[in-house]
Protein chains: 2
Amino acid sequence: MTSDPFMQAAIEEAQKGLAEGGIPIGSVLVIDNRIVGRGHNQRVQKGSCLLHAEMDCLENAGRLKAADYRRATLYSTLSPCDMCSGTVLLYGIKKVVIGENRTFKGPEDYVRSRGVELDLRDDAQCIQLMQDFIARQPVLWNEDIGE
Amino acid sequence: MTSDPFMQAAIEEAQKGLAEGGIPIGSVLVIDNRIVGRGHNQRVQKGSCLLHAEMDCLENAGRLKAADYRRATLYSTLSPCDMCSGTVLLYGIKKVVIGENRTFKGPEDYVRSRGVELDLRDDAQCIQLMQDFIARQPVLWNEDIGE
């Protein structure tokens, strides 16, 4: 189990999503050492093609000021895809903490090249959640990543 | 007035958003010469940081198959930002028709480098909508583009 309470909160979001019959990816947004938004993938629950965990988290955080995003850290249990990475770039979020990128890897090099700090945790619990899910629901997983 | 009925539909979405007190950007998704989704920026109307016009349009189109996205064309009255461009990349949308990029320009070169065809119209009506809006509501506009 991770000793980082923010990554732990993201994992709890992923587990919540799994318990709802959804895709087990979770995310939290942290500003000044405080969680200001939480979310998990809502493809199944809300029939949404937009609400990846990171997007649900940012939407739940509400309309923030540019200065707030710029000192924010986004935690995600999985490497952010092109959409979620683009959203990080739009709002100038300065750092992303990534649970794992073994089961899926977004455009990390591009995001880094645009000045965002990435902190990859290679977390065993995050990997396990996704490996189990992908083995059980490959069609749903492919839909979520546009494949 | 544009002679392209799909761009015209995107402009009508932008005008609908303006009439609601919102940011005048509109979008439609076209597959096999038919509009399958329409949307406009919902920052003001729904308090959303995610629902740019292109995102609202894609969400309204619902959960589509990968094969559908891959023959889709996304119309937007304004050059897609990092978030909306990332969403185009995630789903492998093959072509984006852009009303204008004078008042705002997203990462067009990057999107092209990833294999997406961009068709820039430099449409006078799209430019006018945004120029008038930005002059009237610069703070709201800056919020929408993370500035």
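Restricting attention to region A:24-63 and to residues that are polar (S, T, N, Q) and out of contact with any helix residue (DSSP H, G or I) (no Cβ under 8 Å at 6 or more places or on another chain), the residue that is surrounded by the fewest Cβ atoms within 10 Å (Cβ to Cβ) turns out to be A:33.
Selection within region B:36-70: residues that are part of a loop (DSSP other than H, G, I, E, B) and within 14 Å of the chain's Cα centre (by Cα). The member of this set that is nearest to the other protein chains (Cβ to nearest Cβ) is B:50.
Residues that are within 14 Å of the chain's Cα centre (by Cα), over 23 Å from residue B:35 (Cα atoms) and in a helix (DSSP H, G or I) within region B:94-126 comprise just one, B:108.
Of the residues making up region B:81-115, those that are away from every other protein chain (no Cβ under 11 Å) and of a type outside the set (Gly, Ala, Ser) number 14. Inspect region A:82-90 for any residue being assigned to a helix (DSSP H, G or I), among the hydroxyl-bearing types (Ser, Thr, Tyr) and crowded, with 17+ Cβ neighbours inside 10 Å and give the result as yes or no. Yes: region A:82-90 contains one or more residues that are assigned to a helix (DSSP H, G or I), among the hydroxyl-bearing types (Ser, Thr, Tyr) and crowded, with 17+ Cβ neighbours inside 10 Å.
Residues that are farther than 18 Å from residue B:146 by Cα and hydrophobic (A, V, I, L, M, F, W, C) were ranked within region B:12-35; the one that is farthest from the other protein chains (Cβ to nearest Cβ) is B:19.
FYI, it's all coordinate maths here, none of it is from the lab. Predicted model only: the values in this text are computed from it and were never measured. All Cβ positions, glycine included, derive from the backbone under ideal geometry; neighbour counts span all protein chains shown.
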